[in-house]
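Peer 1: What follows is a structure written as structure tokens; I'll ask about it next.
The values are calculated or read from the model by the stated rules, or taken from the named source; none is laboratory data. Fair warning: this is a prediction, and the values are worked out from it, not measured in the lab. Every residue, glycine as well, gets a Cβ built from its backbone with ideal geometry; the counts of neighbours run over all protein chains shown.
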């Protein structure tokens, strides 16, 4: 396996591929920062530089990995060189794996100096004498740092038809709280938000019964619509803060590390919408943080009034020592928000939900972990290229690999198909979907299947995390390795090696069939 | 300077002597079956799985250890397809094929096989050293051993002056040579040579043929696929003649080539009296007047090689391929313990140690004796059996005695 890996690496060097890539990476690391225009702050500049250099490096090495993955195997098969390797006592799966290792060695050889260059370049900028002490401190605390985040526990938004039906019947009995039996009380405690909302729809139990006795497409569609509405309403109840209402969040930090956390600044990171996504504006917000501590924010204990733009992330630095260190609230940071706007609701989407950021390490190690996730991506991309070239010619393999990557990266489109219940989309006049077709069902099934797979691959944001100084945890890294390399990479490798094993390497016509 | 024990281009006459020994049917072939094919069929199909060409059609054959087996046929007759099925590069559509009692796709079996393809299928950006080292590493040969073998092989194939040049810069002949070297890095028990002399000059052709003989004498099995009749005739024990993917003829070379209606005797130049006595004896014995006497001629290959041998005395430095190099030690095996090599050494040493001051002769016809035919003519003992070297020497002695008696010396 190693001789094949070394051979693959040698080919890249001899064909000057490494030189070309190295030059391109030099341009990315040192050239791109010269072209970027930031908001003028040191923090903004460094964030932009990190985002673009890491993003461009990922894109360039991704394309190179795909190209090499397709080329190294397909071309050797087409040039018949692979015949000379295949007649030697090396199992074909080892040859395949050797090729993959070769590409990964090349990627490592390119990524290590690139990562080091980015690290030293960014640090040099942060140490520049042109920056004031305040700006330097802000950079060190908010970007060139590794900060862990704590979110509120996800609210229960699942729905069981059987449970919702039973609960609806129970509510329909019109009992008061003290009339329920012990068993009924216990059952009521397990009901989720959407199931509770459905109990207010008197037609729901009837529809469930009809769906069991005489299921028709219309009844099933009505049921599904009711249920999806219940989920949406329940979710919205956690997200929307209407004028005059307030909202509490409680963030739990591991009590064992509270002392450590309180030594550095803690940040509240949030993003909100104000029903003006297409034309974001600034709005007034009122926060009060640190209930149960003697260092609340704002210090006077009232609500902090601030104007912030909608549809963008914001970070508020909180005072050192804001995390309660004693008592029942130890480690719990409480955030209280009030919407004192007269008309406009403020929406905190669950997926963007507020979080508390606290310092837990240095930027260097975080960069290392982020680069490793990018490295895992490159591993999967090169495996896809090798898999395609195990049974296809070079151009077709490249086309197929690109297609796979494009589909897997189109998560937004696929999610939209699921959200809008098909490819026809929602009728904006009625706000509902007109009529589901078989094609819609196929599209939804396909999108769900692809998304469940792509989440394993693209469900990480190393570049975003690094540019916002958020920690990429070791557990995240392990999860990325498992999902990207072991599961997805393993599947791709298994299929690729199987096809390569079946391949007749000496066919006179590459388009001929295998028998 | 160390005198090489054996060169790829042996001194004049040795090649002919070796060929003569083969014709004596004294190869080391044993009864162990190395390759077995039954009903072997290969149909090439198009993208949609429709049959396009039947390259090999129901072929049965076996090759035993130590044999040099020729696959002979015109272009497109199925030779290369058979070779590639033997290597596991193509899969039979029907029939069964085993190599060393295993499927050709059995990984460990491949450690015993060396393959020279019909074209140069090598990495163009590697130099000779790297090429041999890479293919050697695939056999899990240790680094030190690999380097030693690479040195010997590169010298053997005459690329000592070109070991730092990339294979992509090589001429076709040089590429064949480096291809041959990589095929032998593992000291294979079975060597498959697909058109091995294609693109080689006559010196290279002769060297390849001598190498095949050397390998065979060490008990290696060689499959030679060629459409060049002379190649097959010179070195093969048995051959299979293919046409249209089917076997048209198969047997030992002597069986295939023998003209049972005539006999040839080759001897040193005879006096007129001796000649008359011999002719008279033959006429009396056969009762036929159709007896022809002429001087044997050497073939064009021998003439060419002798001329080149002389020219090489003035050889200048070259970055291209050279010739006449020593066979790699590990390919020669244990000379002390190997009967075939002892005979080989005997022959080569005699030829390699010229009398001091003796000028090399340009042309000297080889002295060969067809023992089979001679024995048949004398109505004496049956032809010797294969694989017994001492018996072979006895046969040679007996043959010489008979010839002496026949000629009245």
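Peer 1: Quick check, is residue B:192 within 14 Å of chain A (Cβ to nearest Cβ) and within 20 Å of residue A:2 (Cα to Cα)?
Peer 2: Numbers: within 14 Å of chain A (Cβ to nearest Cβ): yes; within 20 Å of residue A:2 (Cα to Cα): no.
Here the answer is no, as residue B:192 does not meet what is asked.
Here's the yes/no breakdown for (1) surrounded by fewer than 18 Cβ atoms within 10 Å (Cβ to Cβ); (2) more than 24 Å from residue B:84 (Cα to Cα):
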| residue | (1), (2) |
| --- | --- |
| B:216 | no, no |
| B:246 | yes, no |
| B:262 | yes, yes |
| B:271 | yes, yes |
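Peer 1: Please go through region A:87-113 and give me each residue that is within 11 Å of chain B (Cβ to nearest Cβ) and either closer than 17 Å to residue A:10 by Cβ or touching a helix residue (DSSP H, G or I) at 6+ places or on another chain (Cβ under 8 Å) (or both), ordered by number.
Peer 2: Result: A:87, A:88, A:89, A:90, A:92, A:93, A:94, A:95, A:98.
Peer 1: Pull out all pairs, ordered by first then second residue, where Cβ-Cβ is under 6 Å, the residues are six or more apart or on different chains, the first lies in region B:112-134 and is within 7 Å of chain A (Cβ to nearest Cβ) and touching a residue at least 12 places away in the same chain (Cβ under 8 Å), and the second is in a loop (DSSP other than H, G, I, E, B) and surrounded by 21 or more Cβ atoms within 10 Å (Cβ to Cβ).
Peer 2: B:113/B:188; B:115/A:87; B:115/B:87
Peer 1: Just checking, which of A:181, A:192 is outside the structural domain of residue A:349 (by TED's automatic domain parsing) and farther than 26 Å from residue A:349 by Cβ? Reasoning before the result, please.
Peer 2: Details: A:192 fails: farther than 26 Å from residue A:349 by Cβ.
Only one candidate qualifies: A:181.
Peer 1: In addition: Residues in region A:343-350: is at least one surrounded by fewer than 17 Cβ atoms within 10 Å (Cβ to Cβ), touching a strand residue (DSSP E or B) at 6+ places or on another chain (Cβ under 7 Å) and in a strand (DSSP E or B)?
Peer 2: no
Peer 1: When residue A:84 is evaluated against the numbered criteria (1) surrounded by fewer than 19 Cβ atoms within 10 Å (Cβ to Cβ); (2) within 14 Å of another protein chain (Cβ to nearest Cβ), which criterion, by number, is the only one it fails?
Peer 2: It is condition (1) that residue A:84 fails.
Peer 1: Got a sec? Which of B:138, B:86 is surrounded by 19 or more Cβ atoms within 10 Å (Cβ to Cβ) and either more than 10 Å from every other protein chain (Cβ to nearest Cβ) or more than 20 Å from residue B:54 (Cβ to Cβ) (or both)?
Peer 2: Values: B:86 fails: either more than 10 Å from every other protein chain (Cβ to nearest Cβ) or more than 20 Å from residue B:54 (Cβ to Cβ) (or both).
Answer to the check: B:138.
Peer 1: Here's something else I'd like to know. Looking at region A:114-171 only, could you name the residues that are in contact with a helix residue (DSSP H, G or I) (Cβ under 7 Å, 6 or more places away or on another chain), more than 19 Å from residue A:467 (Cα to Cα) and assigned to a helix (DSSP H, G or I)?
Peer 2: Within region A:114-171, A:161, A:163, A:164, A:165, A:167, A:168, A:169, A:170 meet the criteria.
Peer 1: All but one of (1) farther than 18 Å from residue B:208 by Cβ; (2) away from every other protein chain (no Cβ under 14 Å); (3) buried (at least 23 other Cβ atoms within 10 Å of the Cβ) hold for residue B:159; which doesn't?
Peer 2: The single condition residue B:159 does not satisfy is (1).
Peer 1: One residue is enough: does region A:61-77 have a residue meeting the conditions in contact (Cβ under 8 Å) with a residue 12 or more places away in the chain and either in contact with a strand residue (DSSP E or B) (Cβ under 7 Å, 6 or more places away or on another chain) or in a loop (DSSP other than H, G, I, E, B) (or both)? First the steps, then the outcome.
Peer 2: So in region A:61-77, the residues in contact (Cβ under 8 Å) with a residue 12 or more places away in the chain come out as A:61-62, A:64-75, A:77.
After this cut, where a residue has to be either in contact with a strand residue (DSSP E or B) (Cβ under 7 Å, 6 or more places away or on another chain) or in a loop (DSSP other than H, G, I, E, B) (or both) as well, the list is none.
No: region A:61-77 contains no residue that is in contact (Cβ under 8 Å) with a residue 12 or more places away in the chain and either in contact with a strand residue (DSSP E or B) (Cβ under 7 Å, 6 or more places away or on another chain) or in a loop (DSSP other than H, G, I, E, B) (or both).
Peer 1: So residue A:326 ticks every box in (1) more than 19 Å from residue A:244 (Cβ to Cβ); (2) assigned to a loop (DSSP other than H, G, I, E, B); (3) in contact (Cβ under 8 Å) with a residue 12 or more places away in the chain but one. Which box is left unticked?
Peer 2: The number of the failed condition is (3).
Peer 1: Kindly provide the set of residues from region A:351-372 that are at pLDDT 90 or above and within 22 Å of residue A:234 (Cβ to Cβ), ordered by number.
Peer 2: Result: A:354, A:355.
Peer 1: Is at least one residue of region B:187-203 modelled with pLDDT under 85 and not in a loop (DSSP other than H, G, I, E, B)?
Peer 2: For region B:187-203, residues modelled with pLDDT under 85 and not in a loop (DSSP other than H, G, I, E, B): present.
Peer 1: List the number of the failed condition for residue A:442; all other conditions in (1) over 24 Å from the mean Cα position of the chain (by Cα); (2) at pLDDT 85 or above; (3) crowded, with 16+ Cβ neighbours inside 10 Å hold.
Peer 2: (3)
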